[in-house]
Amino acid sequence: MKAKLAYVIFFVEDVARSTEFYSRAFGLATTFIAEGGDFGQMASGETALSFSSRKLMKELGKNPERPDPAAPVFEIAFEVEDVPAALHQAIQAGATLVQEVRQEPWGQTTSYVSDPDGYLVEICSPVTAS
């Protein structure tokens, strides 16, 4: 059996605020908002980026922790052609700078921000080293 990663869900305070941020910061399009606004989904290539309110998760018997960009347990990455321009756009949309643009030894340009909920987001170029 071959599995397909269908979506990733962030647990957030405000689904509408999160989808608006990712639209402004990274140009993603919202594809679905549930009635009541506690769940939303955005197109981001083959894998959707989804948001569920912490309130809904607690109603479902889960107790989600808040993310900490200083001690992350995961990150998401957006591959772009112009990392400095994408970093500027993300910061203008409300992201917090975590790492300035830098060249990595494996042939990639990277930078990092955190979103308004504290999730770590890498903004990067394609890897060019063989």
Residue within the stretch 101-112 that is in contact with a Phe, Trp or Tyr (Cβ under 9 Å, 6 or more places away or on another chain) and either within 23 Å of Thr31 (Cβ to Cβ) or not assigned by TED's automatic domain parsing to the domain that holds Phe32 (or both) present: no
Looking only at the stretch 108-122, and only at residues there that are farther than 24 Å from Glu46 by Cβ and in contact with a Ser or Thr (Cβ under 8 Å, 6 or more places away or on another chain), the one that is surrounded by the fewest Cβ atoms within 10 Å (Cβ to Cβ): Pro116
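Mind listing whichever residues of the stretch 12-41 are outside any loop (DSSP other than H, G, I, E, B) and either under 16 Å from Ala95 (Cβ atoms) or touching a residue at least 60 places away in the same chain (Cβ under 8 Å) (or both)?
Within the stretch 12-41, Val12, Arg17, Ser18, Thr19, Glu20, Phe21, Tyr22, Ser23, Arg24, Ala25, Phe26 qualify.
Table: residues versus (1) more than 15 Å from the chain's Cα centre (by Cα); (2) surrounded by 14 or more Cβ atoms within 10 Å (Cβ to Cβ); (3) more than 25 Å from Val80 (Cα to Cα); (4) not assigned by TED's automatic domain parsing to the domain that holds Ala95.
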{"residue": "Lys2", "(1), (2), (3), (4)": "yes, no, yes, yes"}
{"residue": "Arg17", "(1), (2), (3), (4)": "no, yes, no, yes"}
{"residue": "Phe21", "(1), (2), (3), (4)": "no, yes, no, yes"}
{"residue": "Gly45", "(1), (2), (3), (4)": "no, no, no, yes"}
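The values are calculated or read from the model by the stated rules, or taken from the named source; none is laboratory data. Only a predicted model underlies this, so the values are computations on that prediction, with no experimental measurement involved. Because the Cβ atoms are built from the backbone with ideal geometry, glycine has one as well, and the counts that use them run over all protein chains shown.
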